[in-house]
Amino acid sequence: MIKRRKRIVPALNTTSTADISFMLLIFFLVASSMDVDKGLLRQLPPPDTHEEPLEVDVSKDKLMELKITADNQLLLDGQPIETEGLRTRVSSFVTRVGNQHLISIDADPNSSYETYFNMQNEIVIAYAMVRNELAKRKFGQPLSRLTNEQRDELKALVPQRIAEYYHSPLNKEP
């Protein structure tokens, strides 16, 4: 009779598998970028040089006043407006007035960042809409397909003219 031999199946040594997995996890957490692109793209003014601010008179028909109250209500020239309607109002204002326009923003310190952020997004979208329409008329193609020089030309024709009022402890309202 034929004797059957017992075969021993070699086992893998898995004692270091957990260590290797942990090291890989740490490596990928450190090496990967988890940036969330959320915020406002603004070019900040240069540092304060303690010079007297220039006062410029702006006629009422070239000024759009936006205010966010403490209870997060958005006011356009003193009248309540929904955030969704702001886009069309800003784009028609900028188109009507041209590059002499000024948008004044006054946000109460107790208002929420979300309201302020949504208002700023609507303003940026309105400027993009105006520039896109001008690009189609002037260059025959949308803003996204223009060269950098053409975009700079449009930015000069339709500049973002926004003045923001900041409340600080030194800046008391009368």
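The values are calculated or read from the model by the stated rules, or taken from the named source; none is laboratory data. These figures come from a predicted structure and were not determined experimentally. Neighbour counts are summed over all protein chains in view; Cβ atoms, including those assigned to glycine, are modelled from backbone coordinates with ideal geometry. Please note that ligands, DNA and RNA were not included when accessible areas were found on the heavy atoms of the full protein model with its side chains. Shrake-Rupley method; radii C 1.70, N 1.55, O 1.52, S 1.80 Å.
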TODO: Determine which member of the set V124, V97 is in contact (Cβ under 8 Å) with a residue 60 or more places away in the chain, β-branched (V, I, T) and out of contact with any strand residue (DSSP E or B) (no Cβ under 8 Å at 6 or more places or on another chain).
DONE: V124
Task: Leading residue by the ranking (most open to solvent (accessible area, probe 1.4 Å)) among those in segment 144-155 that are in a helix (DSSP H, G or I) and more than 16 Å from T95 (Cβ to Cβ) - done: R145
Open item on the list: Tell me yes or no: at least one residue of segment 80-91 is assigned to a strand (DSSP E or B) and either crowded, with 16+ Cβ neighbours inside 10 Å or modelled with pLDDT of 90 or more (or both).
Closed with: yes
TODO: Kindly indicate whether any position in segment 163-174 is open to solvent by 60 Å² or more (accessible area, probe 1.4 Å) and modelled with pLDDT of 85 or more.
DONE: no
TODO: Go through segment 119-140 residue by residue and tally those that are open to solvent by less than 50 Å² (accessible area, probe 1.4 Å) and more than 15 Å from the chain's Cα centre (by Cα).
DONE: 5
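Table: residues versus (1) in a helix (DSSP H, G or I); (2) of a type in the set (V, I, T); (3) at pLDDT 70 or above; (4) open to solvent by less than 100 Å² (accessible area, probe 1.4 Å).
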site: V30; (1), (2), (3), (4): yes, yes, yes, no
site: D35; (1), (2), (3), (4): no, no, no, no
site: G39; (1), (2), (3), (4): no, no, no, yes
site: L44; (1), (2), (3), (4): no, no, no, no
site: D48; (1), (2), (3), (4): no, no, no, no
site: L54; (1), (2), (3), (4): no, no, no, no
site: D61; (1), (2), (3), (4): yes, no, yes, yes
site: L66; (1), (2), (3), (4): no, no, yes, yes
- [ ] Evaluate segment 104-116: report whether one residue or more is aromatic (F, W, Y), touching a residue at least 24 places away in the same chain (Cβ under 8 Å) and out of contact with any strand residue (DSSP E or B) (no Cβ under 8 Å at 6 or more places or on another chain).
- [x] no
TODO: Please work out if Q100 is surrounded by fewer than 16 Cβ atoms within 10 Å (Cβ to Cβ), in contact with a Lys or Arg (Cβ under 6 Å, 6 or more places away or on another chain), on the phi < 0 side of the Ramachandran plot and outside any helix (DSSP H, G or I).
DONE: yes
TODO: State yes or no: is V124 in contact with a His (Cβ under 8 Å, 6 or more places away or on another chain), part of a helix (DSSP H, G or I) and not acidic (D, E)?
DONE: no
